[in-house]
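**Q** Got a structure here, written out as structure tokens. Questions coming.
The values are calculated or read from the model by the stated rules, or taken from the named source; none is laboratory data. Quick caveat: nothing in here was measured; it's all calculated off a predicted structure. All Cβ positions, even for glycine, are placed from backbone atoms using ideal geometry, and neighbour counts span all protein chains on display.
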Amino acid sequence: MRSEGRGALYAAAVGVVAVVVYANSLANGFAYDDEWIIQGRELVHGLDRVWQVLVAPYWPEGFGSPIYRPLTLLSFALDWQIWGGAPFGFHLTNVLLHALASILVTLFLFRFFSVGAAVMGGLVFAVHSVHTEAVANVVGRAELLATGFVLLGCLVYMRAVRGERFGTATVFLLAALYALAASAKEVAFVMPALLLVTDAPIIADLPREDRARFVRQRLPTFVVLAAVLVALLLARWAVLGTPVGSGPARVFAADDSFSTRLFTMARVWPLYFELLVFPLDLSADYSPAVILPATGLTPMGVVGFVLVLGILALAVAAVRRAPEFAMAVAWAAVTLAPVSNLLFTAETVLGERRVYLTSVAVSIPVGLMIARSAAVRRRWLTVAVGVWAVLFAVVTVRRNPVWESTDSVFASLLTTHPESSRALFALGLRHHELGNEEEAREWLSRSLEIWPWYAPYQVRYALVLIEQGELARAEKRAWSAIELDPYRLDHHKLLVSILLMDGRPEEAIAKIRHALLYASPDASLYTQLADARAAVGDAAGAARAQRSAIEAGRDDAGAWLRLAGFRAAAGDTAAALSALDSVGGDRTVADSLAAVWEGGN
């Protein structure tokens, strides 16, 4: 059998191992973020709204995270169309995508190492337990798709490098793979840098005089990829209103200065190393107080700096003797850069599914050690890596059921990290859903005592308190949300709603006036102003506010009926009838009102 055919067969075997290890995740349901992004979102319930899917933010309205992943959303819609919303089908797709990624990692390693060494590296990736969240939780698909297309891009690029052929077809294939990868998840924006990283072993052997030619040969390819990057950023700008956005900075909500982010991340770097090398302590969440911000250098921060600097020093020293190791270190650095919290803040400081693409950097040294070892040592190394992989597989199989449901996720989180504010908050919401209101208030309050600097939790607790009739306590939470994020209009609208429900329309009017000083025209805010004006007996003012709401975009039948009612209350029957003329659709109510008002004249 030819070596390439044998290698492909072994790579396929690695894919089979990946399927076997993650097979028990097929019994999982929708859990955690799946509930909001897939299960409760009609947009992805089939392919009848494909064009809306392609121009929709990743998170549903109200979550406030500026993320755009059209390919991932489209894959959810396709799964829903095929499987009718059954979670099994979604999980099957994830497992198959992980198997494909494992095959691609193995094929990637074939470019540098012998078949046996590459297969061992591929197996480590296939069974790695840090991948559990990415594979066993459906929304982890963003990682699977992005990684798959990035690896395909690397294989295409390395094939072109080996043949010294960067033809038009190759360049445009790379551009297409880049666009697809970045449309799945933002980490793939670094794909051009990863292509350069794969050149490390070649550059190490090049004479200095050949390096200029090496760069010129690749320059057109990277110009095209730069153009794709610009197009992707423009698409994000069109959909999100910003080309590069940061999610809610939960850990850094109180202090997002660069020094705090640096010292905090220094404490996190050893955890990244632990997750990649020996991931026994896995967690669905690392938000406060699992990890707290550090305003200065801590003992764990010292460990982090020493660890990172030591690895970088080894990589530099190994550039010529073991360029593949330098490549692995560069791969890890490049893929972690977007989630490092040093360039911009992210929702969390650490997430296990975020290291899916990064973990390729673990497989590279595995292949390198086995390939470079003498025969006797190679056998022992292969056995050691095999034992390591078996340990990974055992942890993975045991971890997969944790992602069966949201309840199972948070039950596990409460067991491993009872200090997690997110876990406590989720427990409070679950009690609220079950009608245990006293317990709900206790756990929600405890969560916010641990970490009060996250505005979305203040808002959600306020909504729970409103349902419980605790308007005074809800008002305090709304004010807290405004103090944390004064430029988010939804927080002001929440406070206005509470004031109106509490029978304080004058205060509501004052609050709306304040919000309108720096807010763009907002239909719902003007609607609230109309209600407040009506509550104080100012029907004419209510009519003006309702007209502003219509001009701001709310021009449905209900809005025109409200305008007509306010105008009639103000004594302007002619203007009220004019508003009724604009009511579309079912005109039963409009015609009845018109008959009454015309009869009154």
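Quick grid of which residues meet (1) charged (D, E, K, R); (2) in a loop (DSSP other than H, G, I, E, B); (3) in contact (Cβ under 8 Å) with a residue 24 or more places away in the chain; (4) buried (at least 19 other Cβ atoms within 10 Å of the Cβ):
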| position | (1), (2), (3), (4) |
| --- | --- |
| D256 | yes, yes, yes, no |
| L276 | no, no, yes, no |
| L280 | no, yes, yes, no |
| I291 | no, yes, yes, yes |
| A294 | no, yes, yes, yes |
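**Q** Among V150, V95, which is among the β-branched types (V, I, T) and farther than 26 Å from R398 by Cβ? Outline the logic, then answer.
**A** Values: V95 fails: farther than 26 Å from R398 by Cβ.
Every option except V150 fails the conditions.
**Q** So is Y22 farther than 24 Å from S408 by Cβ and buried (at least 21 other Cβ atoms within 10 Å of the Cβ) or not?
**A** no
**Q** Additional query: Restricting to the range 309-323, and then to whatever is out of contact with any Lys or Arg (no Cβ under 9 Å at 6 or more places or on another chain) and surrounded by 19 or more Cβ atoms within 10 Å (Cβ to Cβ), can you tell me which residue is nearest to A266 (Cα to Cα)? Even if it seems obvious, please write down each step before you answer.
**A** Initially, the range 309-323 is screened for residues out of contact with any Lys or Arg (no Cβ under 9 Å at 6 or more places or on another chain), giving 309-321, 323.
Still in the running and surrounded by 19 or more Cβ atoms within 10 Å (Cβ to Cβ): 315, 323.
Numbers: A315: 19, P323: 26 Å.
Checked the range 309-323; the qualifying residue nearest to A266 (Cα to Cα) is A315.
**Q** I would also like to ask the following. Could you grab me the full set of residues in the range 413-428 that are surrounded by fewer than 20 Cβ atoms within 10 Å (Cβ to Cβ) and either part of a helix (DSSP H, G or I) or among the hydrophobic types (A, V, I, L, M, F, W, C) (or both)?
**A** Selection gives L414, T415, T416.
**Q** I would also like to ask the following. Within the set of pairs 6+ apart or on separate chains, which have a first residue in the range 557-570 that is in contact (Cβ under 8 Å) with a residue 60 or more places away in the chain, a second that is β-branched (V, I, T) and buried (at least 24 other Cβ atoms within 10 Å of the Cβ), and C-beta atoms under 6 Å apart?
**A** From the range 557-570, no pairs qualify.
**Q** Another one. Under 30 Å from L368 (Cα atoms) and touching a helix residue (DSSP H, G or I) at 6+ places or on another chain (Cβ under 9 Å): does that describe I291?
**A** No, not satisfied.
**Q** From the residues in the range 572-585 that are of a type outside the set (S, T, N, Q) and touching a residue at least 24 places away in the same chain (Cβ under 8 Å), which one is farthest from Q528 (Cα to Cα)?
**A** G585
**Q** For the condition modelled with pLDDT of 95 or more, farther than 24 Å from L180 by Cα and part of a helix (DSSP H, G or I), what is the one hit in L26, L73?
**A** L26
**Q** Hey, another quick one. Test T198 against the criterion of being buried (at least 18 other Cβ atoms within 10 Å of the Cβ), more than 30 Å from W80 (Cα to Cα) and over 24 Å from the mean Cα position of the chain (by Cα), and give yes or no.
**A** On the way: buried (at least 18 other Cβ atoms within 10 Å of the Cβ): yes; more than 30 Å from W80 (Cα to Cα): yes; over 24 Å from the mean Cα position of the chain (by Cα): yes.
Yes.
**Q** If you don't mind, there's one more thing I want to ask. Can you name the condition, by its number, that G62 falls short on among (1) in contact with a Leu (Cβ under 9 Å, 6 or more places away or on another chain); (2) not in a helix (DSSP H, G or I)?
**A** (1)
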